[in-house]
């Protein structure tokens, strides 16, 4: 039995299969999910688990070399924008429709219970060496 880190078996396995430059979408409960991509759905109740909690857990286990969020988050969800800016220094922004299009190339999607607007980020995996 694992002692620490991500305990969800599906999520831990999905993360282990990611490689350098693979993309992972962390999204709110309302984001349309592209077909044919592995989804680990953690949503339980509105707001549970929160986007912030899930993102922090993922960042503790992943090397991230880039990230993309919806530019609409800057005004519609300033708390999220501050969170992303603090945790992802190389963050870039695209229109939300473009983020949805880009998410189709994800290798893994992690759906949270977040119920605030534009709580979505596309993470590009880096390498630890």
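Since every read-out is calculated from the coordinates, none of them should be taken as a lab result. Just so you know, these numbers come straight off a predicted model, no measurement behind them. Cβ coordinates were reconstructed from backbone atoms using ideal geometry, including for glycine residues, and neighbour counts include every protein chain displayed.
Work out the FRET efficiency for residue 94 and residue 128 from their Cβ-Cβ distance, taking R0 = 41 Å, and round it to the nearest 0.05. Step by step, r from the Cβ atoms, then E = 0.90. In this simple spin-label approximation, residue 8 and residue 75 carry label points 7 Å from Cα along the Cα→Cβ vector, and these lie 3.2 nm apart. Between residue 21 and residue 45, the simple label model (points 7 Å from Cα in the Cβ direction) yields a spacing of 4.4 nm.
Placing a label point 7 Å from the Cα of residue 115 along the Cα-to-Cβ direction, the residues of segment 1-37 whose backbone N falls under 13 Å from that point are 29-30.
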